[in-house]
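All remarks here apply to the structure that follows.
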Amino acid sequence: YDGLDTNTPNIDSLLEEWSMGIYDNYIYETDVEYMTNSAYGNIITCYDYDETEFSGKLKDQSIPVVMGFTMPIEIYDSGASALLSSSDSAVLRPIDATEEWDPDDTEKQNLVGAAIATQGNEDESKNSNVIVVGSYDAFNAPSLSQPNYNNAAYFVNIFNSIAERDDISVL
C-alpha cells in the first residue's frame, strides 16, 4: 500500500453530495473478538450490522461480514446511515503508519466500514442510492465464498432490497 494516492477530489465531491466522506486512514481493530484470519493469511476485521433492513433476512446474523484494509466512512448527517461498523475498540491507523505507530496511543471508537445514502423525489416514488464500502476486500473471492463469512449473502440482500427484488440469490 506504499504510494496509495488518497487525493480523490471527484469522488470526495460526489460523496459529500450524499452526506458521506472517506477518512485517509484504515480501521485498525484492537478487540480480538472482532478479528479473524483471512485466506491470504492477514488479519481482517469483523463488522457489526447496523441496518436491520438489510441484515434481517440473513439466515444467521451471528456470521460476520469481514473486510481488510478498510477506510472508514464519515457520515455527515441523516442523509446517510451506517451499514457495517467496527467495535468501540477500533482506532484510526494512518495509511503511512510505521512500525513505531502504537494503537494504544490512539483514541478507541466505533467506526463505519460501509454506509448507504438514499435520495428521492418529493413523493419518494423514485429513489437513488449510493452504497460506500471502505474495503475492496469485502468483495474478494475468499470473503465472498467462505461459509464462515456473510459477505455474499449480506451484499446480495442489500442489492435485492434497494432493487425491490426477491429473486436474486447467491450460488
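Remark on the stretch 40-136: hydrodynamic radius 15.2 angstrom, per the Kirkwood mean of 1/r across alpha carbon pairs. When nucleic acids and ligands are ignored and a 1.4 Å probe is applied, Asp96 ends up with an accessible area of around 130 Å². In this view, the solvent-accessible surface of Glu107, computed with a 1.4 Å probe and all protein chains in place, comes to about 130 Å². Computed from point charges on the beta carbon alone (+1 for Lys and Arg, -1 for Asp and Glu), the dipole magnitude for the chain about its Cα centre is near 780 Debye. In the context of the full set of protein chains, the stretch 64-171 has a per residue accessible area of 54 Å² (1.4 Å probe). Taking each DSSP H run with n ≥ 4 as -39500 (n - 2.57) and averaging over every residue of the chain yields -5000 deg cm²/dmol at 222 nm.
Each of Ser143, Asn7, Pro103 was placed along the dipole of the chain (beta-carbon charges, centred on the mean Cα), and the one lying farthest toward the positive end is Ser143. Taking amide H positions as modeled 1.01 Å from N, with prolines and chain starts lacking one, the residues under 5 Å from Ile22 and 5 or more places away or on another chain are Glu74.
Overall, the accessible surface of the stretch 1-142 at a probe of 1.4 angstrom is composed of carbon and sulfur to the extent of 44 percent.
Rounded to the nearest 10 square angstrom, Thr36 shows an accessible area of 40 square angstrom against a 1.4 Å probe.
The values are calculated or read from the model by the stated rules, or taken from the named source; none is laboratory data. None of these values were measured; they are calculated from a predicted model. Virtual Cβ from ideal backbone geometry, glycine too; neighbours counted across all protein chains shown. With ligands, DNA and RNA removed, areas are computed over all heavy atoms of the protein, side chains included. Shrake-Rupley method; radii C 1.70, N 1.55, O 1.52, S 1.80 Å.
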